[in-house]
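Accompanying notes for the structure given below.
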Amino acid sequence: MFVNRPLILLIAGVLCAWLPARAQDTGSEPSAERWSVHFQATSIGQHHGFFPSLYEGENSLPPHPENRVSITATVFLTYRVNSWTELVVNPEVAGGKGFGQVTGMAGFTNGEIPRVGSATPTLYVARAYLKNTWALSPETEIVDGGPNQLAGKVPVRRFALDTGRFAITDFFDNNTYSHDPRRQFMNWALMSNGAWDYPSDVRGYSIGIVQDLTMRGWSLRSAILLEPTEANGATYDTRIAKNRGEVVEWEKRYKPLGHAGALRVLGYLNRERAGTFRDAMLPDGTTDLASTRRPGTKKYGFGLNAEQQITPDIGAFARYGWSDGKTEAWAFTQIDRTVSGGISLQGRLWKRKGDNIGVAAVRNYLSGDDRRFLAAGGVGFIIGDGRLNYAPESIAEAYYAWHVIRGWTFTLDYQRVVNPAYNQDRGPVSVGSLRVHWER
């Protein structure tokens, strides 16, 4: 229902990009934009070499060298319908491959791959939703324009309702220093809370409703979302009375000694046609997860997300995620517990204003039920070596983002994955990446 005319929208967006900029007030405050068009294109090339492997299974990372490339290109179209309603439409092209068909690591190394359904570049509509905002006080603040964000004034105290197709991570589990794989850390377990099995299709987009209450120093938001019909599937289950995702998040913003910080507490409950690990263990020692799948199976968890500016050019972040560990991963990845942290340095420190350095580490864990399932030869949609010599999956990532000229950034990235897919009998794996990002 959202892919009727994506080519027309893409062509229109490209033509509009070359129109003269809209007039702005000459004062210090920007005028309220009626519409905006922005673009991005990102290509990530990755390589891993040989690594030790005592055995391989159906969803193992291949131990031989691999070279893979992904690409996405997006048009961000936003139109102000009236004073409280905006329409957002994002045509997108995506294509490419991940290592081993995006298998073999719970914390996968390319955050753009969730949006790639096939190696051949494909055009589709990534986002198409209405944003309604109601003022709860006369006081306003200025917001700058950007992708899916019109410049102008917004109420300091407001209630917003977003309805349609979007990336649920646009609204939840945000973090200034670790959230955008197109400009920051690329690993799945660093761009988001890896233990949050957030409802989405294979490309990483959701359909649903988001409610957001924002006050001066805090926000409270919630969402109801459609689940995919099958694990990591491309279609949505419309039986929302039985299968749906629910998430709520409280965010507190503060400024100790004038340095911005935030704490976010997230909780989720999914009802999906998923299987349970304990029931999938058969008396003969084999596994059969498919036979345990029932509509309305519950999966729940929570997450903590903190960020703190230390100086104007140095910031730090940390996350913790937990899920019940009884139910199979249905939409994101197979992580039952995760803890991560890192630091970001802005290039002004070495007189390179647009550059950025990031260093972070993450450690992922499995529950007891999940471990026994994999050790018996069980397979999820992303990991499964046929056997398991369990150990936590540990990942370190470091990158340097070089802002070459306006709009263009080249990033060199290195990731070290120890115990990929929680298996001491395989790895470690070193992954080198080159990312090219353009935005306007």
Filtered residues of region 86-108 (kept if farther than 24 Å from Asp336 by Cα, modelled with pLDDT under 95 and buried (at least 22 other Cβ atoms within 10 Å of the Cβ)) = Ala94, Gly96
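Would you mind stating whether Ile395 is among the β-branched types (Val, Ile, Thr) and within 21 Å of Ile44 (Cβ to Cβ)?
The answer is yes for Ile395.
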Could you run through region 205-235 and say how many residues are touching a residue at least 60 places away in the same chain (Cβ under 8 Å) and buried (at least 20 other Cβ atoms within 10 Å of the Cβ)?
-> 4
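Could you list, in sequence order, all residues of region 69-85 that are of a type outside the set (A, V, I, L, M, F, W, C) and crowded, with 22+ Cβ neighbours inside 10 Å?
First pass over region 69-85, keeping only residues of a type outside the set (A, V, I, L, M, F, W, C): 70, 72, 74, 78-80, 82-83, 85.
Once the filter is applied, which keeps residues that are of a type outside the set (A, V, I, L, M, F, W, C) and crowded, with 22+ Cβ neighbours inside 10 Å, region 69-85 yields Ser70, Thr72, Thr74, Thr78.
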Asp279 free of Cβ contacts under 8 Å to residues at least 24 places away in the same chain, more than 21 Å from Tyr124 (Cα to Cα) and of a type in the set (D, E, K, R) = yes
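Being among the small types (Gly, Ala, Ser) and within 23 Å of Thr338 (Cα to Cα) is the filter; apply it to region 286-306 and report the residue that is surrounded by the most Cβ atoms within 10 Å (Cβ to Cβ).
Gly303
Rundown of residues vs (1) closer than 30 Å to Ile240 by Cα; (2) among the β-branched types (Val, Ile, Thr), yes/no style:
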residue: Thr311; (1), (2): no, yes
residue: Gly315; (1), (2): no, no
residue: Glu328; (1), (2): yes, no
residue: Gly341; (1), (2): no, no
residue: Lys353; (1), (2): no, no
residue: Gly358; (1), (2): no, no
residue: Ala361; (1), (2): no, no
residue: Ala376; (1), (2): no, no
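Quick grid of which residues meet (1) farther than 26 Å from Met186 by Cβ; (2) of a type outside the set (A, V, I, L, M):
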{"position": "Val362", "(1), (2)": "no, no"}
{"position": "Arg372", "(1), (2)": "yes, yes"}
{"position": "Gly380", "(1), (2)": "no, yes"}
{"position": "Gly384", "(1), (2)": "no, yes"}
{"position": "Tyr390", "(1), (2)": "no, yes"}
{"position": "Ala398", "(1), (2)": "no, no"}
{"position": "Trp402", "(1), (2)": "no, yes"}
Conditions (1) among the polar types (S, T, N, Q); (2) over 30 Å from Ser291 (Cα atoms); (3) surrounded by fewer than 22 Cβ atoms within 10 Å (Cβ to Cβ) -> Thr238 fails only (2)
So is Arg253 assigned to a strand (DSSP E or B), among the basic types (Lys, Arg), touching a Leu at 6+ places or on another chain (Cβ under 8 Å) and touching a residue at least 12 places away in the same chain (Cβ under 8 Å) or not?
-> no
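Can we say Gly347 is in contact with a Phe, Trp or Tyr (Cβ under 8 Å, 6 or more places away or on another chain) and either over 30 Å from Tyr205 (Cα atoms) or surrounded by 15 or more Cβ atoms within 10 Å (Cβ to Cβ) (or both)?
Details: in contact with a Phe, Trp or Tyr (Cβ under 8 Å, 6 or more places away or on another chain): no; either over 30 Å from Tyr205 (Cα atoms) or surrounded by 15 or more Cβ atoms within 10 Å (Cβ to Cβ) (or both): yes.
No: the conditions fail for Gly347.
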Just checking, how many residues over region 45-89 are farther than 24 Å from Phe410 by Cα and part of a strand (DSSP E or B)?
-> 12
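Among Gly204, Gly233, which is the only one that is out of contact with any strand residue (DSSP E or B) (no Cβ under 8 Å at 6 or more places or on another chain) and on the phi > 0 side of the Ramachandran plot? Can you show your working first?
Values: Gly233 fails: on the phi > 0 side of the Ramachandran plot.
Answer to the selection: Gly204.
Could you count how many residues in region 161-172 are part of a loop (DSSP other than H, G, I, E, B) and buried (at least 24 other Cβ atoms within 10 Å of the Cβ)?
Filtering region 161-172 down to residues part of a loop (DSSP other than H, G, I, E, B) leaves 167, 171-172.
Keeping just the survivors that are buried (at least 24 other Cβ atoms within 10 Å of the Cβ) gives 172.
The number of residues fulfilling the criteria is 1.
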For region 268-288, how many residues are in a loop (DSSP other than H, G, I, E, B) and touching a Ser or Thr at 6+ places or on another chain (Cβ under 8 Å)?
-> 3
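Given Asn132, Asn67, Asn110, Asn148, which one is closer than 30 Å to His47 by Cα and either hydrophobic (A, V, I, L, M, F, W, C) or touching a residue at least 24 places away in the same chain (Cβ under 8 Å) (or both)? Working first, answer last.
Details: Asn132 fails: closer than 30 Å to His47 by Cα; Asn67 fails: either hydrophobic (A, V, I, L, M, F, W, C) or touching a residue at least 24 places away in the same chain (Cβ under 8 Å) (or both); Asn148 fails: closer than 30 Å to His47 by Cα.
Only one candidate qualifies: Asn110.
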Residues (out of contact with any Ser or Thr (no Cβ under 9 Å at 6 or more places or on another chain) and part of a strand (DSSP E or B)) located in region 228-250 | Arg244
In region 90-134, residue farthest from the chain's Cα centre (by Cα) [restricted to those that are in a strand (DSSP E or B) and aromatic (Phe, Trp, Tyr)] | Trp134
Residues satisfying the stated conditions in region 289-327, i.e. in a strand (DSSP E or B) and small (Gly, Ala, Ser) = Gly301, Gly303, Ala306, Gly315, Ala316, Ala318, Gly321, Ser323
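Condition first: over 30 Å from Asp279 (Cα atoms), surrounded by fewer than 19 Cβ atoms within 10 Å (Cβ to Cβ) and out of contact with any Ser or Thr (no Cβ under 8 Å at 6 or more places or on another chain). Now tell me which residues in region 378-411 satisfy that.
Step one: filter region 378-411 for residues over 30 Å from Asp279 (Cα atoms), giving 395-411.
Narrowing further to those that are surrounded by fewer than 19 Cβ atoms within 10 Å (Cβ to Cβ): 396, 398, 400, 402-408, 410.
Correct list: Ala396, Ala398, Val404, Ile405, Arg406, Gly407, Trp408, Phe410.
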The one condition in (1) within 22 Å of Leu289 (Cα to Cα); (2) in contact with a Ser or Thr (Cβ under 8 Å, 6 or more places away or on another chain); (3) of a type in the set (Ser, Thr, Tyr) that Tyr422 fails to fulfil = (2)
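The values are calculated or read from the model by the stated rules, or taken from the named source; none is laboratory data. This one's a predicted model, so the numbers in the text were calculated from it and none came from an experiment. Glycine also receives a Cβ, built like all others from the backbone with ideal geometry; neighbour counts cover every protein chain displayed.
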